[in-house]
Amino acid sequence: MIAATPGAIELMCRGAVALSAATAQGIRVDVPYLDRTIDEVAKQIAVIDDELRQTDEYKAQERKFGAATKLTSDDQIIWLLFDHQGHEPLSHTPGSATRAPRPQLNDPTLRHIGTPYCLKMLSRRKLDKLHGTYLQGIKRETVDGFIHPNFPLHRAVTYRGASADPNWTNMPIRNKVIAKYLRSAFIPSQPDHVLLEIDLKQNEVRVSACYSQDEKLIYDTLHGDMHRDMAMECFMLEQHQVSKAVRNEAKGDFVFAEFYGSYYPDVARKLWHEAAKLKIEDGTPLLDHLASQGITERGECTKGERRETLPGSFEAHIKRVEQRFWTERFKKHDDWRKQWWNDYLKNGYFQMLSGFVVTFGKSGPLGRNDCINSPSQGAAFHALLWGFIRLGDWLRKNKMRSKLVGQIHDAITLDCHKDEWREVAAKAYQLLVVDIRKSWSWLVVPLDIEVELCEQNWFEKRPVEFNSAV
């Protein structure tokens, strides 16, 4: 990654200073809560371990491995699930010169098998990661009641945002139970302060549209609802039948998956698996609705050049949806993706709209997905960093009591005085929505922000309205 323009060089230098100031400020930790939660989660893990040892699966494991039996051994569980019980793995490890490929024992695999043993083991793995990686990791990094995450600008080859010691950008949010345990540990620095999160809405999609200038993508981003529309197509629904959960499923496992380079076998498998848990707006199970439309089988969803798609299956249906998505709905964007990849193969580099040149990844030339995703991911982070720098300058110039404390994905996090957060939110809007387009003419799609307030802790946050006029 090379800063190839004066603006890019300035962004890198000023960004490093601004993020270093946020690191020095730090984020307050509720240490008594953290200690209680570490003990509580350890007890929950011990209970699950006792329950797992009573299962027939563990007893079979003991018969096979004897004194060497280890409850959580991946090698032993792989033998148990795939050799002993005969389950089909979802994927395999790449293997090496000294070790053959083997089934992957990951969370999607345990969810896919779905037996009581697998679901209990999945819960244990999540709690173990919460306990060791997150809670104890935060405890180790806490100094005088604060953590001070680093936000390096040199680690991501694509110049996406990063964090370390601890990784502030890797705090779980989708699993609400895990998120509550973890995020509740972060609190405002003082009784008269709140945490404020300023999120750039659809940031990567908007920036991606700036590259291709696909009129339909721009319209959908600003005025439409592509997630609802694709839920209707994927699950054969009318608009009034789309529940919030079904829309979110289409958003994550179809729209985002397609934009980031997945394709129909993987997409269909994930959608079908999640559909088993969902209902449409009138309460009908989603799989029952699909059956009423003539789709009762998932299909093989296998990879490889010789894969076959079962006629009438959900996989065959998603294949058609995917074709329409790229050849009709977003054809101009798909043409841009193909041209961008071909130009990279020809030239060996590309330059982002924000002025940074990317040549290789950490292990060599970029693959197709990284090449296509990097321009929007990198430039989207640059937009956030541009605003982060100027918001910090404004806070200092006006001697505000509010401080920047970090960035996470497409959001800026602040520790704000209760009397200042509305003014801070309005200034962020002015910078990230209005002023940035005056400096960066390539932003043909306007950015927008959402603001959330955390009065108690980082988990208990709520969206708030603010006057965008400074």
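The values are calculated or read from the model by the stated rules, or taken from the named source; none is laboratory data. As the structure is a computational prediction, the values presented were derived from the model and not from experiment. Glycine gets a Cβ as well: all are built from the backbone with ideal geometry, and neighbour counts include every protein chain shown. Heads up: the accessible areas ignore ligands, DNA and RNA and are worked out on the full protein's heavy atoms, side chains in. Shrake-Rupley method; radii C 1.70, N 1.55, O 1.52, S 1.80 Å.
What the table shows:
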read-out: Helices (runs of 4 or more DSSP H) lying entirely in the range 1-69 (those with 3 or more residues that are β-branched (Val, Ile, Thr)); value: 6-25, 31-52
read-out: Where a residue in the range 280-291 is free of Cβ contacts under 8 Å to residues at least 12 places away in the same chain and farther than 10 Å from residue 237 by Cα and its partner, wherever it lies, is open to solvent by 40 Å² or more (accessible area, probe 1.4 Å) and charged (D, E, K, R), with Cβ under 7 Å and at least six apart; value: 285/279
read-out: Considering residues of the range 130-150 that are under 26 Å from residue 75 (Cβ atoms) and touching a residue at least 40 places away in the same chain (Cβ under 8 Å) only, the residue most open to solvent (accessible area, probe 1.4 Å); value: 136
read-out: Test: residue in the range 389-407 that is at pLDDT below 95, touching a Ser or Thr at 6+ places or on another chain (Cβ under 6 Å), assigned to a strand (DSSP E or B) and hydrophobic (A, V, I, L, M, F, W, C); value: no
read-out: Residue pairs meeting the criteria (Cβ under 8 Å; at least 6 apart or on separate chains; first closer than 20 Å to residue 261 by Cα, in the range 353-373; second small (Gly, Ala, Ser) and assigned to a helix (DSSP H, G or I)); value: 358/374; 358/378; 366/374
read-out: Among residues of the range 151-167, those that are buried (at least 20 other Cβ atoms within 10 Å of the Cβ) and farther than 20 Å from residue 12 by Cα, counted; value: 1
read-out: Single match in 445, 424, 451 (criterion: modelled with pLDDT of 95 or more, outside any strand (DSSP E or B) and open to solvent by less than 60 Å² (accessible area, probe 1.4 Å)); value: 424
read-out: Failed item in (1) touching a Ser or Thr at 6+ places or on another chain (Cβ under 8 Å); (2) open to solvent by 20 Å² or more (accessible area, probe 1.4 Å); (3) in a helix (DSSP H, G or I); (4) among the acidic types (Asp, Glu), with residue 315 passing the rest; value: (2)
read-out: Output for the range 139-168, where each listed residue is in contact with a strand residue (DSSP E or B) (Cβ under 6 Å, 6 or more places away or on another chain), in a helix (DSSP H, G or I) and at pLDDT 90 or above; value: 141
read-out: Selection count where residues are open to solvent by 10 Å² or more (accessible area, probe 1.4 Å) and either of a type in the set (Asp, Glu) or part of a strand (DSSP E or B) (or both), scope the range 175-190; value: 1
read-out: Cβ pairs under 8 Å, 6+ apart, first in the range 323-334 and under 14 Å from residue 226 (Cβ atoms), second outside any helix (DSSP H, G or I); value: 330/214; 333/214
read-out: Cross-chain or 6+ apart pairs with Cβ under 8 Å, the range 171-190 first and farther than 15 Å from residue 138 by Cβ, then assigned to a loop (DSSP other than H, G, I, E, B); value: 188/455
read-out: Residue tally, condition hydroxyl-bearing (Ser, Thr, Tyr) and either in a loop (DSSP other than H, G, I, E, B) or on the phi > 0 side of the Ramachandran plot (or both), over the range 100-117; value: 1
read-out: Residue in the range 191-224 that is surrounded by the most Cβ atoms within 10 Å (Cβ to Cβ), counting only those that are without any contact (Cβ under 8 Å) to a residue 12 or more places away in the chain and part of a loop (DSSP other than H, G, I, E, B); value: 224
read-out: Every residue from the range 45-97 that is more than 21 Å from residue 132 (Cβ to Cβ) and under 28 Å from the mean Cα position of the chain (by Cα); value: 78, 88, 89, 90, 91, 92, 93, 94, 95
read-out: Single match in 258, 300 (criterion: acidic (Asp, Glu) and open to solvent by less than 50 Å² (accessible area, probe 1.4 Å)); value: 258
read-out: Contacts under 6 angstrom Cβ, first residue in the range 242-257 being under 17 Å from residue 221 (Cα atoms), partner surrounded by fewer than 22 Cβ atoms within 10 Å (Cβ to Cβ) and basic (Lys, Arg), 6 or more apart; value: 247/228
read-out: Qualifying residues in the range 355-371 (those that are assigned to a helix (DSSP H, G or I) and open to solvent by 10 Å² or more (accessible area, probe 1.4 Å)) - the one farthest from residue 194 (Cα to Cα); value: 368
read-out: Condition check for residue 227: in contact (Cβ under 8 Å) with a residue 12 or more places away in the chain and open to solvent by 30 Å² or more (accessible area, probe 1.4 Å); value: no
read-out: Any hit, the range 66-85, residues being touching a Pro at 6+ places or on another chain (Cβ under 7 Å) and in contact (Cβ under 8 Å) with a residue 60 or more places away in the chain; value: no
